[in-house]
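Please read the structure below before turning to the comments.
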Amino acid sequence: MITVDDARAKLTAHDQQQVLRFFEQLDDAGKARLLADIEALDLDWLARVFAHTIDKVNPADIAPYEDVVRVGADDEADAIARGEEALRAGRVGVLLVAGGQGTRLGFDGPKGDFPVGAVSNRTLFELHCARLCALGQRYGVVPPLYLMTGPSNHEDTLAIFERGARYGMPEDRLMIFQQGTAPCVDERGKLLLDAPDHIACSPNGNGGLFAAMRDSGAFAHMRSCGVEHISYIQVDNALAQSADPRFVGYHLARESQFSCKAMPKADPMEKVGQFTNVRGRLAVVEYTEIPEDLARERRADGELRIGWGNPGIFMWSRRFAEAQADRADLPFHKAHKKIPHLDDAGTLVEPSTPCGYKLEAFAFDTLDQAERSLILACERDAEFAPVKNKDGVDSPASARALMTKLYRGWIEAAGGRVSGEGPIEIDARYALDAGELRSKLGESFETSGDLYLK
Ligand code: UTP
């Protein structure tokens, strides 16, 4: 362990000696904890990240990204067949990110434990696992699930999966690991303490997944079981189609390293990251950076010129993801936040306005590293049901309504009739898609809603 003199020298070299200002008041255990934190700090990295603000995109550099593979393209059946072959061969693993703090939902527990099943009240974790088990039934191999948690919900998530008997996931097909953290700093870049023996930290953003997969042994697990491609979904998308054969197939056919699903924007000014072409390269640009006239511009056929939003559904080749983990220059964003911290008197301050920065990396910021990428259009309402807010848009209620809409459509496509407005839910293990449902329901099927097929 580093000595206090070495710790002081390390901090002083970066003008961060305030970290030790309560050191003499600590007991031996507290001293050891703080020294261990200081030893683990990479202060060169911190100085670099703090100094390097991610440049805002120059509006003049933003152009539409045209190369989007549409739903129903001529080669779709081939892509699906190719994806199915990869699933049968066990070459696809699923990464589910669930490390966020879920502040907007205000739920006391991991977001994945939030009940959203339109009829069953199954939780987000249960829905995602049911889909993987259903893929296992269909293709003979359950895609392994790599579930990334964060410091605020790791232990709870482990307990939930234990209580729920892993929601049917075989033991060797589930790995739960924790993402890393980054230290929090004040507006001048000085490290903050949230206890006399502890540097304030926060999850390092979903871009922290690459290093976390390396450090947890997730990449090693993938290599040992032949997983070559990673399907990425976010825990709060109740309709996320992990390891979707169509997506897997196109990703393989294009030999893509980083593939993204894209959804048509709900309206020109929708608050969502958007796929654009920035100086000749594919990029996700925040809605705040796209000038309003460009966001509203339409082509002759009426389509928005910048019309594709990012639902956060990706695929990477494992090798590409592994290379990102080893980068020292992964871009970080500074998020201006209210960070509880100790003042000079050692009192914990709960600020009412932002007072410092959390440092976060975003997975999609690695898009510029891909030599080959792919944008695949998806049917928005069929695979994007985000649970972000307590009520209103992107809430549990809107996710339940989207579920009902999707499954009602499947029943009608199978020749059945739905007369009422009640909620409808179909367990993925009963039917993974409309085609499978058709093979199970007779044409005379009728329901007035409040239906759960399982
Ligand atoms: P969001 O950006 O919506 O954040 O995460 P959140 O924490 O869930 O919710 P708010 O903003 O506090 O209300 C999008 C996805 O990325 C994951 C989340 O769990 C979610 O699946 N995520 C986010 C992480 O895994 N780690 C992070 O550090 C941040």
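Ranking R33, R188, R408, R305 from most to least accessible surface, computed with a 1.4 Å probe over the protein chains only, gives R188, R33, R305, R408.
In terms of solvent-accessible area of protein heavy atoms at a 1.4 angstrom probe, what is the ranking of T103, T149, highest value first? Please report the intermediate quantities before stating the final value.
Values: T103 120, T149 0 Å².
Sorted by accessible area, descending: T103, T149.
How charged is the neighbourhood of D197? Take every other residue with its Cβ under 11 Å from the Cβ of D197, and add Lys/Arg as +1 and Asp/Glu as -1.
Numbers: positive: K31, R33; negative: D27, D28, D37, D194.
Taking every Cβ under 11 Å from that of D197, the sum is -2.
What would the Debye formula give as log10 I(q)/I(0) at q = 0.12, 0.17 Å⁻¹ for the alpha-carbon point model of the range 391-454, no solvent? Listed by q, the Debye log ratios stand at -0.28, -0.54.
Basic side chains Lys and Arg get +1 at the Cβ, acidic Asp and Glu get -1 at the Cβ, and with that the dipole of the range 170-276 about its Cα centre reaches some 360 debye. For the chain, the residue among I339, N206, A295 whose Cα projects farthest onto the positive side of the dipole built from Cβ charges is A295. Per residue, the chain reaches -8500 deg cm²/dmol at 222 nm when only DSSP H runs of four or more residues are counted, each adding -39500 (n - 2.57). Near L105, once Lys and Arg are set to +1 and Asp and Glu to -1 for all other residues with Cβ below 13 Å from its Cβ, the sum equals -1. Each of L192, F445, A182 was placed along the dipole of the chain (beta-carbon charges, centred on the mean Cα), and the one lying farthest toward the positive end is F445.
In this Cβ point-charge picture (+1 for Lys and Arg, -1 for Asp and Glu), the range 1-41 has a dipole of about 80 debye about its Cα centre. Residues within the reach of a label modelled at T103 (point 7 angstrom out along Cα to beta-carbon, backbone nitrogen below 17 Å), restricted to the range 309-348, are 333-342. Heavy-atom accessible area for R400, with the other protein chains in place and a 1.4 Å probe, reaches approximately 70 Å².
Say R0 is 60 Å: what FRET efficiency, to the nearest 0.05, do A51 and Q137 get from their beta-carbon distance? Before the final figure, lay out each step's value.
Numbers: r = 52 Å, r/R0 = 0.87.
Efficiency, rounded to the nearest 0.05: 0.70.
What does the C-alpha gyration tensor say about the overall shape of the chain? Classify as rounded when a/c is under 1.5, otherwise prolate if a/b is larger than b/c, or oblate. Since a/c reaches 1.5 and a/b is larger than b/c, the shape of the chain is classed as prolate. With both labels modelled 7 Å from their Cα along Cα-to-Cβ, the D215 to A81 distance reads 4.5 nm.
Figure the gain on full extension for D42 and S439 (residue separation times 0.36 nm, minus the Cα-Cα span) and round it to one decimal in nm. Intermediate results must be reported in sequence, preceding the final value.
Numbers: separation 397, 0.36 × 397 = 142.92 nm, distance 5.76 nm.
Stretched fully, the D42-S439 segment lengthens by 137.2 nm.
Using only the heavy atoms of the protein chains and a 1.4 Å probe, how would R299, R319 rank by accessible area, largest first?
Details: R299 75, R319 180 Å².
Per-residue accessible area, sorted high to low, gives R319, R299.
Considering only the chain, what is the antiparallel percent among its DSSP beta bridges, to the nearest 5?
Details: 36 of 63 bridges.
Roughly 55 percent of the DSSP beta bridges within the chain come out antiparallel.
In this structure H52 has an accessible area near 100 Å², from a 1.4 Å probe over the protein heavy atoms.
Using the Kirkwood formula on the Cα atoms of the range 68-134, what hydrodynamic radius do you get, in angstrom to one decimal?
Working: mean 1/r = 0.0669 Å⁻¹.
Every distinct Cα pair counted, the radius reaches 15.0 Å.
Cα centroids of the range 233-270 and the range 117-168: 20 Å apart.
First check a/c for the range 55-200, with a ≥ b ≥ c the square roots of the eigenvalues of its C-alpha gyration tensor; if it is under 1.5, answer rounded, and if not, answer prolate when a/b is larger than b/c or oblate otherwise. Because a/c hits 1.5 or more and a/b fails to exceed b/c, the range 55-200 counts as oblate.
Stretch D28-D172 to full length: gain in nm at 0.36 nm per residue minus the Cα-Cα span?
Working: separation 144, 0.36 × 144 = 51.84 nm, distance 4.07 nm.
Gain on stretching D28 to D172: 47.8 nm.
Note on R70: accessible area approximately 80 square angstrom, rounded to 10, probe 1.4 Å, nucleic acids and ligands left out.
Here the range 110-131 is scanned for amide nitrogen atoms under 17 Å from the site 7 Å beyond the Cα of R163 along Cα-to-Cβ, giving 110-117, 121-127.
When the pairs K271/K337; K271/K454; K338/K388; K111/K454 are compared against a 26 Å limit on Cα-Cα distance, K271/K454 fall above it.
A straight chain from Y430 to D156 at 0.36 nm per residue would run longer than the Cα-Cα distance by 95.7 nm.
The values are calculated or read from the model by the stated rules, or taken from the named source; none is laboratory data. Bear in mind that the values here come from a model prediction, so they are computed numbers and not experimental data. A quick note on method: Cβ atoms are made from the backbone with ideal geometry, for glycine too, and the neighbour counts reach across all protein chains shown. Protein only, heavy atoms only, side chains kept; ligands, DNA and RNA dropped before computing areas. Shrake-Rupley method; radii C 1.70, N 1.55, O 1.52, S 1.80 Å.
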